[in-house]
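Presented below is the structure to which this report refers.
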Amino acid sequence: MMGHKHEGDRAKPVPEPKHPTHGGLGDPGPQDGGGPAGEAEGRSTPRAGNTAELERLTQEAAQAKDQYLRMLADVENTRKRLQREKEEFARFAAETVVRALLPILDSLDQALVAVDRKSDADAVVKGVHLIHRQLHGVLEKEGVRRIPTVGEPFDPHRHEAVAQVEADGMADDTIVEEVQAGYTMSGKMIRPAIVKVAKAKEERSGLGVEGSGQMPRTPNPEPRTESD
């Protein structure tokens, strides 16, 4: 009994390793894209949808640039047109004033002819007054106004004082004389008026008691002593 072996003690045959056949289910070859090289190649290939999106964005950018350049050209053309219109308006305004001044120049020429011919002095004076009225009429149509002076209170924004004059019955800083006229145009100062203003009279020194208009002062009496 000791020399017999059980059936379980017999050596079992070792199965041979199975080699995967080419193209089998477990084949990690390049056919199924397995391995790191296959994955990298799949990621680097752009998809058709991404390409179409890129083309669309490129077209939109080109259209936006074209619209911007067109708008920039329109703005520049508008600026040039406004500049031309401004220059033309300035020329037209100057022409209007010149046309209005021509009749005044004609009147002045006639007055000079009358002076050369030694005509009646009264006629010459009337002609000068006519020219003066014509000129003021043209200036008033253009919005030019003369600044009031004599009798008005001094205004440093409209007047320029060159002297102070003592004047009876007039308050200080009241304009008593106009040296040169001042003008405004549409409310804007063109030239201030040069004037003389009144000031209070100063008390004259050197007058006696009688001429000063004051009552004479009585000298203070000397203090008395008990001995007196």
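Remarks
Residue by residue, here is whether (1) surrounded by 10 or more Cβ atoms within 10 Å (Cβ to Cβ); (2) of a type outside the set (V, I, T) holds:
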{"residue": "I104", "(1), (2)": "yes, no"}
{"residue": "A114", "(1), (2)": "yes, yes"}
{"residue": "L130", "(1), (2)": "yes, yes"}
{"residue": "Q134", "(1), (2)": "yes, yes"}
{"residue": "G137", "(1), (2)": "yes, yes"}
{"residue": "E140", "(1), (2)": "yes, yes"}
{"residue": "V150", "(1), (2)": "yes, no"}
{"residue": "H157", "(1), (2)": "no, yes"}
{"residue": "E177", "(1), (2)": "yes, yes"}
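- Residues of the stretch 106-137 classified as touching a helix residue (DSSP H, G or I) at 6+ places or on another chain (Cβ under 7 Å) and either acidic (D, E) or closer than 26 Å to E160 by Cα (or both), total: 1
- Just so you know, in the stretch 72-115 the residues that are of a type in the set (S, T, N, Q) and within 23 Å of R133 (Cα to Cα) include one that is nearest to the chain's Cα centre (by Cα), and it is T96.
- Where a residue in the stretch 166-181 is on the phi < 0 side of the Ramachandran plot and its partner, wherever it lies, is of a type in the set (G, A, S) and part of a loop (DSSP other than H, G, I, E, B), with Cβ under 8 Å and at least six apart: E166/A200; D172/A200; T174/G151; T174/A167; I175/G151; V176/A167
- Screening the stretch 156-186 for residues that are out of contact with any Ser or Thr (no Cβ under 9 Å at 6 or more places or on another chain) and of a type in the set (D, E) and picking the one that is modelled with the highest pLDDT gives E160.
- Filtered residue count, the stretch 187-221, keeping only those that are within 30 Å of E142 (Cα to Cα), modelled with pLDDT of 90 or more and of a type in the set (G, A, S): 1
- One residue alone among E39, E88, E53 is at pLDDT below 80 and either outside the structural domain of A123 (by TED's automatic domain parsing) or surrounded by 10 or more Cβ atoms within 10 Å (Cβ to Cβ) (or both), and that residue is E39.
- Annotation: of all residues in the stretch 116-172 being within 28 Å of A100 (Cα to Cα) and in a strand (DSSP E or B), the one that is farthest from the chain's Cα centre (by Cα) is R146.
The values are calculated or read from the model by the stated rules, or taken from the named source; none is laboratory data. These figures come from a predicted structure and were not determined experimentally. FYI the Cβ positions are ideal-geometry reconstructions off the backbone, even for glycines, and counts take in every protein chain you see.
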